[in-house]
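Enquirer: What follows is a structure written as structure tokens; I'll ask about it next.
The values are calculated or read from the model by the stated rules, or taken from the named source; none is laboratory data. Small disclaimer: the values here were computed from a predicted structure and weren't measured. We place every Cβ from the backbone using ideal geometry, glycine too, and count neighbours over all the protein chains shown. Just the protein is used for accessible areas: all its heavy atoms, side chains included, with ligands, DNA and RNA removed. Shrake-Rupley method; radii C 1.70, N 1.55, O 1.52, S 1.80 Å.
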Amino acid sequence: SKLNTILTFVFEVVLTADGSFYLYYQNLYSVIFVFLGCMVIVVTLNFVKKPINLIFYKTIVLGLSMFIVLAQMEPARAEKKIWRTTIKNPLPLYEYRVNNQSIVAYTRRCLRDIGNVNFFKNKRGTFYVYTKRKYLSDFINYKVVFLAIDRGKPTALIKISNIDKK
């Protein structure tokens, strides 16, 4: 019926807007376009003349789009980048005011979550620190290895070199 089609259309448009805002607030900007494209196709499928295979078509479009979205989000995960970096350069890794237990699983190391920046100022040698981007101003003599988004929060892996000057 026409009323059912219009109600489904309105529901899917609201769902599309809500999903887009969620992705925007999670800082997943590249995924928004794929999500919007998929949902535009799903919404326009409501107006097919013969809705016999409508659910089949929507399922295929949603399944393919979810696969594309997940494939786009996978490289953006911070854990794999940290794991690759620590495998290439086996330096000590610390967390500063961030708690990500999956990094422990990837790196297979026990990580110390340090809450005091003086620990890093007094520590000698070269080491990695994983922290939120808003705390980068707490550090000196660091090099940003990469920037990432961890659970919607902007984070960074930095390399600090505190070498004794004699």
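Enquirer: In straight Cα distance, which lysines are under 28 Å from residue 153, not counting same-chain residues fewer than 8 positions off?
Expert: 80, 81, 88, 121, 123, 132, 134, 143
Enquirer: Highest GNM mean-square fluctuation, the chain, Cα pairs closer than 10 Å: which of 78, 17, 148?
Expert: 17
Enquirer: What is the mean projected area of the alpha carbon convex hull for the chain, to one decimal in square nanometres? If you can, show how the numbers build up before the last one.
Expert: Numbers: hull surface 48.1 nm².
Averaged projected hull area, Cα only: 12.0 nm².
Enquirer: Next question. Would you tell me the accessible area of residue 113, worked out with a 1.4 angstrom probe on the heavy atoms of the protein chains, in Å² to the nearest 10?
Expert: 80 Å²
Enquirer: Sorting 58, 153, 159, 143 by accessible area (1.4 Å probe), largest first, what list results? Intermediate values should be presented prior to the final figure.
Expert: Details: 58 30, 153 110, 159 65, 143 135 Å².
Result, largest first: 143, 153, 159, 58.
Enquirer: Per the 1.4 Å probe, what fraction of the accessible area of segment 1-67, in percent, lies on carbon and sulfur atoms?
Expert: Details: 3800 of 4950 Å².
Ligands and nucleic acids excluded, carbon and sulfur reach 77 percent.
Enquirer: If you don't mind, another one. Just want the answer: with Cβ charges of +1 for Lys and Arg and -1 for Asp and Glu, which residue in 21, 98, 145 is farthest toward the dipole's positive end in the chain?
Expert: It is 145, whose Cα lies furthest towards the positive end.
Enquirer: While we're here: How many Å² of accessible area per residue for segment 1-136, probe 1.4 Å?
Expert: Per-residue accessible area for segment 1-136 comes out at 66 Å².
Enquirer: Continuing with the same structure: Assign unit charges at the C-beta atoms only (+1 for Lys and Arg, -1 for Asp and Glu), then state the dipole size of the chain relative to its Cα centre in Debye, rounded to the nearest 20. All intermediate terms of the calculation are to be shown ahead of the outcome.
Expert: On the way: 25 positive and 9 negative charges, 161 e Å.
Rounded to the nearest 20 debye, it is 780 debye.
Enquirer: Another question, if that's okay. Just the number, please: percent antiparallel of the DSSP beta bridges in the chain, rounded to the nearest 5. Show your work: numbers first, answer last.
Expert: Details: 16 of 23 bridges.
About 70 percent, rounded to the nearest 5.
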